[in-house]
Amino acid sequence: MKIAKLALAAGLALVAGMASAEVKVGMITTLSGGGAGLGIDVRDGFMLAVKQSGRDDIKVVIEDDQRKPDIAVQLADKMIQSEKVDVLTGIIWSNLAMAVVPSVTAQGKFYLSPNAGPSALAGKGCHDNYFNVAWQNDNLHEAAGAYANSAGYKKSFLLAPNYPAGKDALTGYKRFFEGELASEVYTELGQTDYASEIAQIRASDADSVFFFLPGGMGISFLKQYADSGVGLPVVGPAFSFDQGILQAVGAAALGVVNTSQWNKDIDNPANAAFVESFQAEYGRLPSLYASQGFDTANLLISAVESADVSDADAFRAALEAANFDSVRGDFAFGPNHHPIQTIYAREVVEENGVFTNKIIGVALENHSDAYAGECKM
Amino acid sequence: MTTVLLVEQILNGLQFGIMLFLMAAGLTLVFGVMGLINLAHGSLYMIGAFAAAAVAAATGSFVLALAGAMAAAAMVGALVEYTVIRRLYARDHLDQVLATFALILIFSEGTRWIFGSFPLFLDIPSALAGPITLPGGIEYPRYRLVLIVIGLAIAAGLALFISRTRVGIQIRAGENDREMIAALGVDISRLYTLVFALGAALAGLAGALVGAIQSVQIGMGEPILILAFVVIVIGGIGSIRGALVGSLLVGLTDTLGGIFLPEAFKLFMEPAAATTVGSSLASMAIYILMAGVLIWRPTGLFGARA
């Protein structure tokens, strides 16, 4: 029985292999400047999956968007017109995704998002050729709000940068948090000194702090917050606690609870193999972003195995089926092509001298997003 | 708004201003003495922070890390002056801006090449960690107080250096008339290298000191570079005293504006709108300050009268 199944699968793969000449993937991601760590992780996760599949009919063209929307748009045009790519992926930042994705999908190409999930593309602006493999932007913040309820927090102080994703973050948290708000503070994007905000937290009567400060902003905030001795419990999304930046935060992050759809200790064979092979290949622990890149590539590979990319309807149906072993465990697409998945609460711990995350519970089970109802495909 | 919060915010503003001064001092010297716009000054700040993180990781000593940061930034500064900047003195400002902008890109990608793309770890020494209780029950991070003290000490040292030493006199003379002091037998090119390295060392020190409470990452110098330019324009180009006063003004305006403007607007607007308007105005505050100073004194507070 098993052999028959294998033979059938091999046969199918052979047929598919013959049918599709080659799938060309254009990856536009951030490989230079301050946000490069995220793009590099997505790229490395993606390429690891492509390598492991052993397929030589998937060609990936990788370009650096320098975190600039205008450059991302130019690269997308170039990839579609002169490289003739079939599928695009890779964009990290929501503002870049908003500049690129609508025109890509309007030209009949597929876009698989390994990170950015702006609400506009999940609701009214959804498109049948757009798939988000990571999350809708609000998801992890919603989970943080849900966790804050279960932790018994009654009054939160909210902090996020003043840009669209920052506002989405506070909206997401407030959607699920049932307590009161001590204050909502919007900081400048790229701000590095939080002394004044920390003084406001100290002066407030909050019992908890929620913050969304991705990348270097989070490093600065956590170090300064730990040093200030304010000591209120902090909760936030995984973006300030990923493997790439935890070492730079150091002991200041220990014990902080953050929410994520992935962690290296999620117990399933695909994840165990991913964590081990990523370390073997690149010599570092994988991050959340690497896991998203890896899943994106595996989704693509699963679709390539069962459909020809030149048959858009069949290929889309194959993507919708999401017939791959996600490192997160169960994974399915909702009606707006965004994931329905479980989001966990993790705690920062120290393991063998390395700072990393450990799952302490489930924040939201099989969670979809708030915009799916507005999407008409 | 309690007094405790007010005092804490004033201290925050002072500390921010003092760190800006370390950046602005080098920038204003280089601009004043050599007439050079150096956009790569922020890269020297970054080099200081990365060098400090590397030395601290290797030796575990914060003092050695600071020394390493100053040495590395000064050396890179001297090298860059000798190989690149030297060719730019006679060129116009546009060429200088282009060349030093190229240096930013080279330094950023070079740093990534050496240290990788992920931020580095640099922590404050354990002796200075945690808050200290000031008179009046004000809790304030010990390290930030130390930053204020170090910064003021350097400002005093620099003032003495410029006004009392032979090199300081040459620097002031160079600011006023570079042909004349060259004619008087001062080795002007050596003086320029020295001034550039001095400015670089101060930027490196600022990067290391601030890096310990912030994120040591690629591109960390550029946001502070813009503020440093605002400072030297307010203070008057070439003036160390102007840089100090300008830094403190900018630091206090930025910090206190962020707190008080939203509060002030709440007096006559509904809270949500007041917060939005207040915060937007607060992020403009230092530029409004700069515009105001320039209308009142076009060459800055302590700039030479044209």
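Of all residues in the stretch B:98-147, those satisfying the criterion of being surrounded by fewer than 16 Cβ atoms within 10 Å (Cβ to Cβ) and within 20 Å of the chain's Cα centre (by Cα) are B:101, B:105.
To keep it simple, each residue is scored yes or no on (1) in a helix (DSSP H, G or I); (2) more than 14 Å from every other protein chain (Cβ to nearest Cβ); (3) under 25 Å from residue B:141 (Cβ atoms); (4) touching a Phe, Trp or Tyr at 6+ places or on another chain (Cβ under 8 Å).
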{"residue": "B:160", "(1), (2), (3), (4)": "yes, yes, no, no"}
{"residue": "B:163", "(1), (2), (3), (4)": "yes, yes, no, no"}
{"residue": "B:171", "(1), (2), (3), (4)": "yes, yes, no, no"}
{"residue": "B:175", "(1), (2), (3), (4)": "yes, yes, no, no"}
{"residue": "B:179", "(1), (2), (3), (4)": "yes, yes, no, no"}
{"residue": "B:190", "(1), (2), (3), (4)": "yes, yes, no, no"}
{"residue": "B:195", "(1), (2), (3), (4)": "yes, yes, no, no"}
{"residue": "B:222", "(1), (2), (3), (4)": "yes, no, no, no"}
{"residue": "B:230", "(1), (2), (3), (4)": "yes, yes, no, yes"}
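Residue-by-condition table, conditions (1) out of contact with any His (no Cβ under 8 Å at 6 or more places or on another chain); (2) farther than 28 Å from residue B:243 by Cβ; (3) of a type in the set (Asp, Glu):
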residue	(1), (2), (3)
B:263	yes, yes, yes
B:269	yes, yes, no
B:273	yes, yes, no
B:288	yes, no, no
B:291	yes, no, no
B:296	yes, no, no
B:301	yes, no, no
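Scanning the stretch A:255-286 for residues that are aliphatic (A, V, I, L, M), farther than 18 Å from residue A:339 by Cβ and in a helix (DSSP H, G or I) yields A:272, A:273, A:275, A:280. Check the stretch A:75-82 and report whether any residue there is within 24 Å of residue A:39 (Cβ to Cβ) and outside any helix (DSSP H, G or I). Within the stretch A:75-82, one or more residues are within 24 Å of residue A:39 (Cβ to Cβ) and outside any helix (DSSP H, G or I). The combined condition, being over 23 Å from residue B:115 (Cα atoms) and in a helix (DSSP H, G or I), is fulfilled by residue B:272. Quick one: is residue B:213 out of contact with any helix residue (DSSP H, G or I) (no Cβ under 8 Å at 6 or more places or on another chain) and within 14 Å of chain A (Cβ to nearest Cβ)? When the stated conditions are applied, residue B:213 does not pass them. Residues in the stretch B:12-33: is at least one over 21 Å from residue B:159 (Cβ atoms) and away from chain A (no Cβ under 11 Å)? Checked against the condition, which is being over 21 Å from residue B:159 (Cβ atoms) and away from chain A (no Cβ under 11 Å), the stretch B:12-33 yields no hits at all. Taking the numbered list (1) more than 21 Å from residue A:286 (Cβ to Cβ); (2) in contact with a Lys or Arg (Cβ under 9 Å, 6 or more places away or on another chain) in turn, residue A:73 passes all entries but (2). For the stretch A:245-259, the set of residues classified as surrounded by fewer than 23 Cβ atoms within 10 Å (Cβ to Cβ) and not hydrophobic (A, V, I, L, M, F, W, C) consists of A:247, A:250, A:255, listed by residue number. Among the numbered criteria (1) away from chain A (no Cβ under 14 Å); (2) of a type in the set (Gly, Ala, Ser); (3) assigned to a helix (DSSP H, G or I), which single criterion is violated by residue B:304? Here residue B:304 clears every test but (3). Residues of the stretch B:80-111 that are closer than 19 Å to residue B:55 by Cβ and either of a type in the set (A, V, I, L, M) or touching a residue at least 12 places away in the same chain (Cβ under 8 Å) (or both): B:107, B:111. Among the residues of the stretch B:133-150, those that are in contact with a strand residue (DSSP E or B) (Cβ under 8 Å, 6 or more places away or on another chain), more than 9 Å from chain A (Cβ to nearest Cβ) and not hydroxyl-bearing (Ser, Thr, Tyr) comprise B:134, B:145. Pairs linking a residue in the stretch B:144-173 that is within 14 Å of residue B:194 (Cβ to Cβ) to a residue that is modelled with pLDDT under 90 and among the hydroxyl-bearing types (Ser, Thr, Tyr), with Cβ atoms under 9 Å and 6 or more positions apart or on different chains, are B:169/B:163; B:172/B:163. Could you check the stretch A:305-361 and list, in sequence order, the residues that are of a type in the set (Val, Ile, Thr), in a loop (DSSP other than H, G, I, E, B) and within 30 Å of residue A:248 (Cβ to Cβ)? The one that is of a type in the set (Val, Ile, Thr), in a loop (DSSP other than H, G, I, E, B) and within 30 Å of residue A:248 (Cβ to Cβ): A:327.
In this structure, is residue B:237 touching a helix residue (DSSP H, G or I) at 6+ places or on another chain (Cβ under 7 Å), within 14 Å of another protein chain (Cβ to nearest Cβ) and modelled with pLDDT under 90? So residue B:237 does not fit the description; no.
Filter the stretch A:204-219 for residues that are at pLDDT 90 or above and more than 18 Å from the chain's Cα centre (by Cα) and give the result.
As a first pass, look at the stretch A:204-219 and keep what is at pLDDT 90 or above: A:204-213.
Within the stretch A:204-219, A:204, A:205, A:206, A:207, A:208, A:209, A:210 qualify.
Right, residue B:117: within 11 Å of chain A (Cβ to nearest Cβ), in contact (Cβ under 8 Å) with a residue 12 or more places away in the chain and within 23 Å of residue B:198 (Cα to Cα) or not? It is false that residue B:117 is within 11 Å of chain A (Cβ to nearest Cβ), in contact (Cβ under 8 Å) with a residue 12 or more places away in the chain and within 23 Å of residue B:198 (Cα to Cα).
If you go through the stretch B:258-304 and pick out every residue that is in contact (Cβ under 8 Å) with a residue 24 or more places away in the chain, crowded, with 20+ Cβ neighbours inside 10 Å and over 20 Å from the mean Cα position of the chain (by Cα), you end up with 4. Counting residues in the stretch A:284-293 that are surrounded by fewer than 24 Cβ atoms within 10 Å (Cβ to Cβ) and either without any contact (Cβ under 8 Å) to a residue 40 or more places away in the chain or touching a Cys at 6+ places or on another chain (Cβ under 6 Å) (or both) gives zero.
Only one residue in B:78, B:49, B:56 is within 12 Å of chain A (Cβ to nearest Cβ), farther than 30 Å from residue A:200 by Cβ and of a type outside the set (Lys, Arg). Which one?
Selected residue: B:56, the only one of B:78, B:49, B:56 that is within 12 Å of chain A (Cβ to nearest Cβ), farther than 30 Å from residue A:200 by Cβ and of a type outside the set (Lys, Arg).
So that you can scan it fast, the table gives a plain yes or no per residue for (1) more than 13 Å from every other protein chain (Cβ to nearest Cβ); (2) over 21 Å from residue A:131 (Cβ atoms); (3) in contact (Cβ under 8 Å) with a residue 40 or more places away in the chain:
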| position | (1), (2), (3) |
| --- | --- |
| A:30 | no, no, yes |
| A:49 | yes, no, yes |
| A:55 | yes, no, yes |
| A:63 | yes, no, no |
| A:67 | no, yes, no |
| A:71 | yes, yes, no |
| A:79 | yes, no, yes |
| A:92 | no, no, yes |
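The lone criterion from (1) away from every other protein chain (no Cβ under 14 Å); (2) buried (at least 22 other Cβ atoms within 10 Å of the Cβ); (3) touching a residue at least 60 places away in the same chain (Cβ under 8 Å) left unmet by residue A:111 is number (3).
The values are calculated or read from the model by the stated rules, or taken from the named source; none is laboratory data. Everything numeric here is computed off the predicted structure, so don't read it as measured data. Every residue, glycine as well, gets a Cβ built from its backbone with ideal geometry; the counts of neighbours run over all protein chains shown.
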